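The values are calculated or read from the model by the stated rules, or taken from the named source; none is laboratory data. Everything numeric in this text was worked out from a predicted model, so none of it was measured. Using ideal geometry, Cβ is built from the backbone for each residue, glycine included, and neighbour counts are taken over all protein chains shown. The protein model used for the area step is the full one, side chains on, heavy atoms only, and it has no ligands, DNA or RNA in it. Shrake-Rupley method; radii C 1.70, N 1.55, O 1.52, S 1.80 Å.
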Number of protein chains: 2
Amino acid sequence: MSLESTHSGRLLKAPENFISPDGVRRVFAEAKEGRRDFIRSAFAAAVAGGAASGALGQANPVAAGGGDPNILNLPAHTTGLGQAVVTDGYGKPSKYEANVQRRQSPGLTQTNQASVSFSPLQSLFGIVTPSGLHFERHHQGWWDIDPSKHRLMINGSDDTLLKTPKVFTMDELMRLPSVSRFHFIECGANTGMEWGNVAVPTCQYTHGMISCSEFTGVPLKLLFDMCGVDYRRARFVLGEGADGSSMTRTVPMELVESGEVFVAYGQNGEMLRPENGYPLRLVVPGVQGVSWVKYLRRIEVGDKPYSTKDEDIHYIDLMPGGLHRQYTSTQECKSVITTPSGGQVLLDKGYYQISGLAWSGKGRIKRVDVSVDGGRNWKSARLQDPVMSKCLTRFSLDWAWDGKPTLIQSRAMDETGYVQPTYKQLRAVRDTRSIYHNHAIQTWLVQDSGEVKNVQLS
Amino acid sequence: MSLESTHSGRLLKAPENFISPDGVRRVFAEAKEGRRDFIRSAFAAAVAGGAASGALGQANPVAAGGGDPNILNLPAHTTGLGQAVVTDGYGKPSKYEANVQRRQSPGLTQTNQASVSFSPLQSLFGIVTPSGLHFERHHQGWWDIDPSKHRLMINGSDDTLLKTPKVFTMDELMRLPSVSRFHFIECGANTGMEWGNVAVPTCQYTHGMISCSEFTGVPLKLLFDMCGVDYRRARFVLGEGADGSSMTRTVPMELVESGEVFVAYGQNGEMLRPENGYPLRLVVPGVQGVSWVKYLRRIEVGDKPYSTKDEDIHYIDLMPGGLHRQYTSTQECKSVITTPSGGQVLLDKGYYQISGLAWSGKGRIKRVDVSVDGGRNWKSARLQDPVMSKCLTRFSLDWAWDGKPTLIQSRAMDETGYVQPTYKQLRAVRDTRSIYHNHAIQTWLVQDSGEVKNVQLS
């Protein structure tokens, strides 16, 4: 069992190990005939003998010795008084889930400020990522910025591209018409380490730079309309963050005109978290996370791409023959099986639900196929509603493990008909020197011991 | 400004107060011409004069006196090095959002264990409720139960109704086929205090016993099939919780047969929170929250309703003529405007987005109408996609406030054609002695001071 395994990541006992029907019948019959009298007498004994405990409601008849614990071992939560309504006003996960954490990959980055924490995909359900477990990617650390002092400025690279530059306070932005939409956000470097090797053991580290939330904010088109943007000439948009990295990214104007791009203050019902750009970030659905500029303080419209440091040096694709590609920011169709996945252990043969996530920066997921023989045969998985555009889609498939070594894979197809490629297909186009934009099919090997391992088929 | 008001609950300045276009042009021109040189010289001065500050990256050229702060007052988050990747692995909201809390209503309950905390609807966006702000209703306090020791038993009220009783561990349940679905959960007593008066100032207290999450778990029908339930005779289901309140509720078998009822372990991507039934609760979409039994330990099938204490004494509707109704558990079509709402302040005239939530226990929301004249005229609001069955739906409408006293209301209609009633219509059927199941139209009065007040139209 790996460090990342947790209650919700475990794969344990088979249905054969269920408590026997006879045992259930016996407990039930005992309870029906004797339990009430038993509880009554046990409780009386506890009250008589347990005056030291004080609170009547907290007496545990079994713990207090009021009966044979082998007959009716009632837990404290059944006999006692529970905890009061959460008084700090904001709840936390169970202490038994403390292992479900976003984590740094040891040695991946040189500092903790220009670093990454990965989302524990192997322990998550459905499509919403809890904001406390949303992956992080900081270029110069994160900040908790005072929203009453934060401003968003909108201007043109020259005065002819935009009639009226404006500066908005957060209150002004939050008063405007808003939209709420579910979208995934994926770092362009997600799965980057897999290009060269399979040293990364779990899907938290192979694919954990993706998360999915309900974002709320103001369509950028509306702000541009208020400023009088000349859409004929202003074909590019620059987003700029307020943190020290001065993150700046070019976004094509057609994405803004489609109505999809918005400046977001809300995430999963509440304000954005500080690590994710509080109080304002750009949401560019389908596009890699670096363009979702955090701590968004300025948006400029221009008539050509801005060719910023983060566009010329980082997030580019090294291609065969010494060439490179720039501005390849739309995340292609991709998927990963999260259960069973690397680091998990199947403790015996029998039924398992294969479950995973699929997404595409180009629209809705149309189909996900799953193979349990290394890609020779494929079966279509169930897609969980709602299937939304540029959003995670949860898929699942029933599977019985025969105890033999098994290669499991998922392959997604989006509404454009694009099919997630194998490593062989992707390398034929991209060669072997890429870092970013790896969306190849992931393979997990279930070994005969039940341990699941990250492997790559040649 | 009420105690509950927070950054995300404020309604401030009008667009007229935006910084002037001339000011923006000046700042932009200054930045273009001088900023780089200015920053360079200011930074040099700070380094020379600010050795005491130690960390080079944290020097703030302006604060350190390296320039005229009136010209370029760069904040620390632009000049310094931010915080490292979150090391405890689970993030928290911004310190500026500390006021966004679930809260108890002072004096409403006698103890903090048999109590309620209300969700801050006035500060929330979209439809997902962050799990840390999900409303709480405890009958005997909450527990953090060890999932490795928790069991779910399924049996029949006699041996002929179910072939094979079973006891499931959490691991066994989590290995089975699962579904993930977005649903609201509303306490049957939500808005109960409004029957008699309008003493409750904010929508947190009038309507905050509703929340909405993506739940994940195993369809109960599947578990019943595994146990061999005789669906012809076993027409009722009893859910039983493991906490001291021994919460027990009857659920009609047809809801289980529809496939909608499931035993949930997941909520918003992670495991259920302890306050909300960790590690297992019953999900009965559309039905009042008390039937979503928390700490679920046992499910029994029977041939008649169980008539438990919580069905005979609580959650019943007192009707005219001394009669009462039982088993009225489906939550009717209902809505509430959350912005502007009681306790908020409109600081001036002009544009506002009216925004709120609508839901129905009988299916999808079909339409929401909004009135800004006390119900004489109605306009249809925008519904935010996705509109899902038995789930919250966010609606919004553009509105310009003329500064005069205004009565604002929302009225929802569901896919069955049922329309949310006025208090007058509801009282004509239910009289005045009800506590539960109040789904009448809520009225907020925007006073000429801009303060929003809870009122009731006769």
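For the pair segment A:255-315 and segment B:350-411, the centres of their Cα atoms are 30 angstrom apart. Solvent-accessible surface of segment B:332-406, averaged per residue with a 1.4 angstrom probe and all protein chains in place: 37 square angstrom.
Inter-chain neighbour count for B:415-421: the average number of beta-carbon atoms from partner chains within 10 Å of each residue's beta-carbon is 0.
Within segment B:268-283, the residues that become at least 30 Å² less accessible when every protein chain is included than when their own chain is isolated (1.4 Å probe; DNA, RNA and ligands ignored) are B:Asn268, B:Gly269, B:Glu270, B:Met271, B:Arg273, B:Tyr278. Solvent-accessible area assigned to carbon and sulfur over segment A:327-373 amounts to 50 percent, based on a 1.4 Å probe. Once a ≥ b ≥ c are taken as the square roots of the eigenvalues of the Cα gyration tensor of segment B:246-342, is the result rounded (a/c under 1.5), prolate (a/b larger than b/c) or oblate (a/b not larger than b/c)? In terms of gyration-tensor shape, oblate. Label-point spacing at B:Gln326 relative to the other copies reads 7.5 nm, in ascending order, each point sitting 7 Å out from Cα along Cα→Cβ.
Would you please classify the overall shape of segment A:77-230 from the alpha carbon gyration tensor, given that a ≥ b ≥ c denote the square roots of the eigenvalues, rounded means a/c under 1.5, and beyond that prolate means a/b larger than b/c while oblate covers the rest? Oblate is the answer for segment A:77-230, as a/c is 1.5 or above yet b/c matches or exceeds a/b. Could you provide, to the nearest whole Å², the per residue accessible area of segment A:151-211 with probe 1.4 Å? So segment A:151-211 comes to 24 Å² accessible per residue, rounded to a whole number.
Starting from the label point of A:Asp159 at 7 Å along Cα→Cβ, the same points in the other copies fall at 9.3 nm, in ascending order. Averaged over the residues of peptide B:176-186, the number of Cβ atoms from other protein chains lying within 10 Å of each residue's Cβ is 4.
Its Kirkwood hydrodynamic radius, worked out from the mean inverse distance over all distinct Cα pairs, puts segment B:314-458 at 16.0 Å. Each copy carries a label point for A:Glu451 at 7 Å from Cα toward Cβ; from one copy, the others' points are 6.8 nm away, ordered from shortest. Here is the interface size for A with B: some 10200 Å² of accessible area buried, both sides summed, with a 1.4 Å probe.
Using the Cβ-Cβ distance between B:Asp312 and B:Thr160 with R0 set to 30 Å, the FRET efficiency from 1/(1 + (r/R0)^6) comes to roughly 0.70.
In chain B, the beta carbon lying closest to the axis that superposes B onto A belongs to the residue given here with its whole-angstrom distance, B:Pro386, 2.
Shown for segment B:177-231: the carbon plus sulfur share of the solvent-accessible area, taken with all protein chains present and a 1.4 angstrom probe, equals 62%. Pairs from the table (A:Lys362/B:Lys366; A:Lys221/B:Lys95; A:Lys149/B:Lys95; B:Lys95/B:Lys349) lying more than 21 angstrom apart at Cα are A:Lys362/B:Lys366; A:Lys221/B:Lys95; B:Lys95/B:Lys349. Using a probe of 1.4 Å on the protein chains alone, the accessible area found for B:Thr160 is around 90 Å². Checking the a/c ratio against 1.5 first, then a/b against b/c, what shape does the Cα gyration tensor give for segment B:199-273? In terms of gyration-tensor shape, prolate. The alpha carbon centroids of segment A:95-174 and segment A:204-229 are separated by 11 Å. Extension gain for the segment B:Lys149 to B:Arg433, taken as residue separation times 0.36 nm less the Cα-Cα distance, is 97.9 nm to one decimal. Across segment B:155-258, Cα-Cα pairs more than 22 Å apart make up 50 percent of the total.
Per residue, the solvent-accessible area of segment A:214-297 (1.4 Å probe, heavy atoms of protein chains only, all protein chains present) comes to 19 Å².
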